[in-house]
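Let me begin by presenting the structure, written as structure tokens, before commenting on it.
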Amino acid sequence: MKKITQVMMTLAALLACTAAADSFYGPHGSNVGRAETDSNGNTRYYDRSGRYLGRAEKNGNNVRYYDSRGSYAGRAETSGSNTRYYDSRGSYSGRAETSGSNTRYYDSRGSYAGRAEKSGNNTRYYDRKGSYAGQKNR
């Protein structure tokens, strides 16, 4: 369950910065996957070998996440600069707070989980200790 929540929050974080086709890189610079967004704002995620991982369907300020088998994995609800995440059973699993080009992530207990910093077409991700965790390039 915790792993699903982590994956969902990671996908949500990536979705927040995703447009058209994006590539994702790990902390050592290796490609770890890509995302493709259609004109409706729906995103499909792939690993570095091109294997389909899942999708995110956007409807207004809400996003529903599905795994590679099409099973519902959770949702995100955005209001203003805040996003709340829920797992497939509807349990609250965390939130994101965006201010300008920076986003801070918190787990379900309110503990700081990491941040994202956007600069131009690139977004850099950092874990809760401040260590570089990877980036997204458009």
Selection status of Ser99, out of contact with any strand residue (DSSP E or B) (no Cβ under 9 Å at 6 or more places or on another chain) and among the polar types (S, T, N, Q): yes
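Rundown of residues vs (1) hydroxyl-bearing (Ser, Thr, Tyr); (2) modelled with pLDDT under 95, yes/no style:
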| site | (1), (2) |
| --- | --- |
| Gly60 | no, yes |
| Ser68 | yes, no |
| Tyr72 | yes, no |
| Arg75 | no, no |
| Ser93 | yes, no |
| Gly114 | no, no |
| Glu117 | no, no |
Near pairs, Cβ below 7 angstrom, 6+ apart or cross-chain, from the stretch 22-41 (under 9 Å from Gly134 (Cβ atoms)) to any residue that is open to solvent by 30 Å² or more (accessible area, probe 1.4 Å) and basic (Lys, Arg): Phe24/Arg34; Val32/Arg48
Of residues in the stretch 100-118 being small (Gly, Ala, Ser) and farther than 23 Å from Pro27 by Cβ, the one surrounded by the most Cβ atoms within 10 Å (Cβ to Cβ): Ser108
The stretch 109-138, residues that are assigned to a loop (DSSP other than H, G, I, E, B) and in contact (Cβ under 8 Å) with a residue 24 or more places away in the chain: Ser131, Arg138
Tally, over the stretch 45-99, of residues that are of a type in the set (A, V, I, L, M) and either assigned to a loop (DSSP other than H, G, I, E, B) or open to solvent by 60 Å² or more (accessible area, probe 1.4 Å) (or both): 1
Tabulated pairs, the stretch 63-90, first closer than 18 Å to Thr103 by Cβ, second assigned to a loop (DSSP other than H, G, I, E, B) and open to solvent by 70 Å² or more (accessible area, probe 1.4 Å), C-beta under 7 angstrom, 6+ apart or interchain: Glu77/Asn61; Thr78/Asn61; Ser79/Asn61
Which numbered condition Asn121 fails, given (1) open to solvent by 60 Å² or more (accessible area, probe 1.4 Å); (2) farther than 17 Å from Ala35 by Cα; (3) at pLDDT below 95: (2)
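Looking at the structure I just gave you, is Ala21 modelled with pLDDT under 95 and of a type in the set (A, V, I, L, M)?
In short, yes.
The values are calculated or read from the model by the stated rules, or taken from the named source; none is laboratory data. Predicted model, so just to flag it, every value in this text is computed and none were measured. All Cβ positions, glycine included, derive from the backbone under ideal geometry; neighbour counts span all protein chains shown. For accessibility, only protein heavy atoms count, side chains too; no ligands or nucleic acids. Shrake-Rupley method; radii C 1.70, N 1.55, O 1.52, S 1.80 Å.
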